[in-house]
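To start, the structure itself, in structure tokens.
The values are calculated or read from the model by the stated rules, or taken from the named source; none is laboratory data. No experiment lies behind these values; they were computed from the predicted model shown. Neighbour counts run over all protein chains shown; Cβ positions are idealised from the backbone, glycine included. All accessible areas refer to the heavy atoms of the entire protein, side chains included, with ligands and DNA or RNA removed. Shrake-Rupley method; radii C 1.70, N 1.55, O 1.52, S 1.80 Å.
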Amino acid sequence: MDFIVDIIAKYSLVRILISFSLLIAIIMLNAIVMGYLERKICARIQRRWGPMEVGVQGWMQMFLDGVKLLAKQLIVPREANPFLFRMAPLLCFTPVAMAFAVIPFSESFYAMDLNIGLIYLLAMGSLNVFAILIAGWSSNNKYSLFGALRSVAQNVAYEIPILLSLLAVVLVTTSFNFKEIVAYQSGLLSFWMCQPVAFIIFLVAGCAETNRVPFDLPEAESELTAGYFTEYGGFSFGLFAIAEYGNLFIMSSVATTVFLGGWNGPFGLDFYSGPILGVFWFLLKVFILMLIMIWVRWTYPRVRFDQLMNLSWKYLIPFSLVNLLITAFIVKII
Amino acid sequence: MGTLTTRFSTIQDPDEKHKFLLNMGPQHPCTHGVLRIVLEMDGEYAMGIDPILGYGHRMHEKMAECRQWSGFYPNTGRIDYGGAIPYNHGYCALIERMAGIEVPERAEYIRVITVELNRIASHFLGVGAYVIDLGAFTPILYMFDDREDILDALEDITGSRLTYCHHRVGGVSKDIDDLFIKRTRAIIKNIRSRFDMYDRLVTGNIIFQKRTKDVGIIPVEMARRYGATGPVLRGSGLGFDIRKNEPYSVYPEFDFDIPTGENGDAFDRYMVRMLELEQSLRIIEQALDKLPDGPVMAKVKRVKLQPGDCSFSVEAARGMLTYYLVGDGSNVPYKLKIRVPSYSNLSLLEELCKGSLIADLVSAMGSLDLIIPEIDR
Amino acid sequence: MSHYFSEIFTGGKSLLVGLGVTFKALTSPVVTVQYPREKIDISPNMRGHIDLIKDSESKNGLHRCISCGLCARNCPCSCIVVKGEKQEGVKGKVLKIFTLEFSKCSLCGLCVESCPTSAIDFSDEYELAAFSREAFNFDLLKRVQQGDTK
Ligand code: SF4
Ligand code: SF4
């Protein structure tokens, strides 16, 4: 045992390999669990059963769907740019995997502890838009291109409120490091209580950043058939779906770490926490947030493009700016 | 690359290089079946709209000319599959008017009840599909839950769930029983209790309102110019309804209102449909209360279609439906012309959506509640 | 300016109310059934394909059809074929062929209404799926002989 620990400590390459394979496993598992939950919850909201056939309550459905996607032929449209067309799903997936590296599941369970963890994570999160743009452009399909263009404008507009709302918290903690942000929230205080506006703005903008309904314009089914991944099938489509759920996880884990106290137990009860229980609390909070996003998705219609922009520029950004100012003021006084 | 044949050929125009053609349909999610629209796009704005029809053409009018008039019964249920019973009714009433047949009163009541039930089912379908166009998937399944009850009740007396063939010249093919009456009353109660839920889930939703208000405004003058009827015309503020303006069957005996909109936008059309649900429920309730006893089928001798022509209009779920028949003395129609509401309603689309965003186009088109095979026939 | 804030308020409220509606649905029972395993009772008046009614009290002890051919003539889709034959010692015709090409049938019910002896009625079969078109050429006479009808 010591021998293994020694090796891991000595050779960072081994550590990187292990953590990356773990991360990818987590991403895949997350997609499977979320895909299943989404289908099940959407079905129950619509008063249907959802998947029921394979396994108890159809729990194996997503595994089988994965196998089905893997078995499918990858079709590249004749007019498409084959190189970019094949690259795009990978480009979509890689930043997600990289971003997972800094997610702090608990005090001691993370792949990497960066001083600028928050910034790094947001940077990786927004790389996603390149993949969508490339996917949309290389498909050589007008609907895909529409989806790609919408996605770019949307991501640019919503990056700002996300950063501004997080900045309000960072002003208080004076650190971008996840550990320190969470450490600040031990005890009864967590930031959703003293920064409710920032929290709500972050959730709304996060929804838009991950292209979820009501902001799913890049894939708007009734308008653009499937938006940027219209032409994708088989596992390239699967990669897009996995990346989408991965992005959802990233957004929710940022919200959890920054606003909900990360791996700390609820109500400041310290004896609840610990390295293993910490992971449990963290995942619980993340999944509650993601379930809320699913719930929202199956309730609302989609907004129109100009309304989406209005929401960002007229509502979210001014509010987050005011919030930031007030926070700065209070921090200064205290 | 194949060329798109359309009236717009500006794609070759060197000065308008940024414009391009976008082919929407016939398998596009928002065109509800088989409508193909060629859009001339400038960015996300649709500058030219060219609906192309014919993908669902089944020669109904020609079929009418090739068989005895009674052989056209099953066809009437298949022209507008969303709301088939008014089509049954119109055809039977047409032949009755031509041959001068009196229909027993009970049969007329049953006709009205089935037609109104079908209208509700059709509005649920139309509104639910509209909300799907706007991106919300859940409301249609709640509406289908209600619609299912209606279909069950209709199945009980007509034998079918969608393409009914229930009305006959001289009456209806099957009488209704106490079970049906009890069931229908339960349905009325149930649907009434659900209106509030729809209001909270759909009508009041800010996103829904933003997507529909001031979108696809049809002024009355424009609606009349294109001959639009039904909820599309009433949404613009003109309360034209064949049931009131040109009463037929036993409609004059019932007390009901014609809901109208004010601005003629997509939201008003949606609201008109939702309010019509309540009016239809009222009609059914009154009809069930007043339902007389008696036979449901008149004695019909062999009907020969007199030389000459005849027409009959009814208010179908989507607007005015007119059958026009020319007879030549035999029992095969010489010519049968069907005026379907969706055709005029679709022809609005080009003027309505010129220069609008593609999302607004989808919203405006959905609010017209088109059934494309009805147009193609 | 007040419009700006009131819109945020009413809009946000309407969104929460919508969430409430779907949450209520989430906790209420499911309305669908798992079809091939559970089935809903269908209405006795449902129109399946037509069938000759088995009637042991009739003249030939099997069905009431007198091979008059009215149903075939009245069918708008011409999907019924009826053939009867004269036979020694029997009054009237004896039914030899009665087939239905169900893939053409529009379930209008005109045949059932036109039959003078009410010899045919709708069956209540709705699980009709097959791999070939020929599978829908039902031999109704054979069905009634074998006792497949209701
Ligand atoms: S139901 Fe109609 S179409 Fe079918 S066999 Fe009878 S008459 Fe012909
Ligand atoms: S109408 Fe009736 S009796 Fe005549 S052939 Fe048809 S089934 Fe037989």
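So here's what we get for this one:
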| read-out | value |
| --- | --- |
| Apportionment of accessible area to carbon and sulfur, chain C, percent (1.4 Å) | 57 |
| With DNA, RNA and ligands ignored, accessible area of B:Asp328 (1.4 Å probe; Å², nearest 10) | 80 |
| ³J(HN,Hα), Karplus 6.51/-1.76/1.60, whole Hz, each residue of segment C:129-135, x for Gly, Pro | 9, 8, 8, 9, 5, 5, 5 |
| Unit charges on C-beta of K, R, D, E only; dipole of segment A:18-160, Debye | 680 |
| Segment A:Thr174-A:Ser186, length gained on full extension (0.36 nm per residue, minus Cα span) | 2.7 nm |
| Contact surface B-A: accessible area buried, both sides summed, square angstrom, 1.4 angstrom probe | 2600 |
| For chain B, the longest site-free run once GluC sites (Glu not before Pro) in DSSP loop states with at most 16 other Cβ atoms within 10 Å are removed | B:103-261 |
| Which of C:Gly84, C:Phe138, C:Leu15, positive extreme of dipole for chain C (C-beta unit charges) | C:Gly84 |
| For chain C: relative contact order, % (alpha-carbon pairs under 8 angstrom, 6 or more apart) | 26 |
| Highest-MSF residue in chain A out of A:Leu145, A:Leu90, A:Leu13 [GNM, Cα springs under 10 Å] | A:Leu13 |
| Number of partner chain Cβ atoms within 10 Å, mean per residue of A:55-68 | 0 |
| Length-normalised contact order for chain A - Cα pairs under 8 Å, 6+ apart - percent | 23 |
| Calculated from backbone phi, Karplus (6.51, -1.76, 1.60) coupling profile of segment C:45-62 in Hz, x at Gly/Pro | 8, 4, 9, x, 6, 7, 9, 6, 7, 6, 9, 6, 8, 6, 4, 8, x, 10 |
| Accessible area (Å², per residue) of segment C:50-146, counting only protein heavy atoms and a probe of 1.4 Å | 59 |
| Residue-averaged beta-carbon neighbours from other chains (10 angstrom radius) around C:107-116 | 5 |
| Distance-filtered residues of segment C:84-98 - backbone nitrogen under 17 Å, label point 7 angstrom along C:Gln146 Cα→Cβ | C:97-98 |
| For segment A:306-313, Karplus couplings with θ = phi - 60° (6.51, -1.76, 1.60), whole Hz, Gly/Pro x | 5, 5, 4, 5, 4, 4, 5, 6 |
| B/C buried area, accessible surface, summed, 1.4 Å probe, Å² | 1900 |
| Segment C:59-109 - charge dipole about Cα centre, Lys and Arg +1 at Cβ, Asp and Glu -1, debye rounded to 20 | 160 |
| For segment C:81-129 versus segment B:278-293, the gap between their alpha-carbon centres in whole angstrom | 38 |
| Rounded accessible area of A:Arg86 (nearest 10 Å², 1.4 Å probe) | 140 |
| Neighbouring partner chain Cβ atoms per residue of B:136-147, average, 10 Å criterion | 5 |
| Helix B:85-99 vs. chain B, principal-axis angle (Cα, 0 to 90°, nearest 10) | 50 |
| Chain A: DSSP helices with Cα axial extent of at least 18 Å and average Kyte-Doolittle hydropathy no lower than 0.0 | A:12-45, A:82-100, A:117-138, A:142-173, A:196-209, A:234-259, A:275-297, A:317-333 |
| Sparsely packed trypsin sites (Lys or Arg not before Pro) within segment B:44-101, loop by DSSP, other Cβ within 10 Å at most 16 | B:Arg58, B:Arg67 |
| Cβ-derived FRET efficiency at R0 51 Å, C:Gln34 paired with C:Lys13, nearest 0.05 | 0.85 |
| Chain A, accessible surface, carbon-and-sulfur percent (1.4 angstrom probe) | 74 |
| Theoretical ellipticity at 222 nm over the protein assembly as shown - DSSP helices of four or more residues, -39500 (n - 2.57) apiece, nearest 500 | -16500 deg cm²/dmol |
| Electrostatic dipole magnitude of chain C [Cβ: Lys, Arg +1; Asp, Glu -1; Cα centre; debye, to 20] | 300 |
| Helix B:358-368 vs. chain B, principal-axis angle (Cα, 0 to 90°, nearest 10) | 10 |
| Cα long-axis angle, helix C:2-27 against chain C (0 to 90 degrees, to the nearest 10) | 40 |
| Cα centroid of segment A:166-204 to Cα centroid of segment A:36-69, whole Å | 36 |
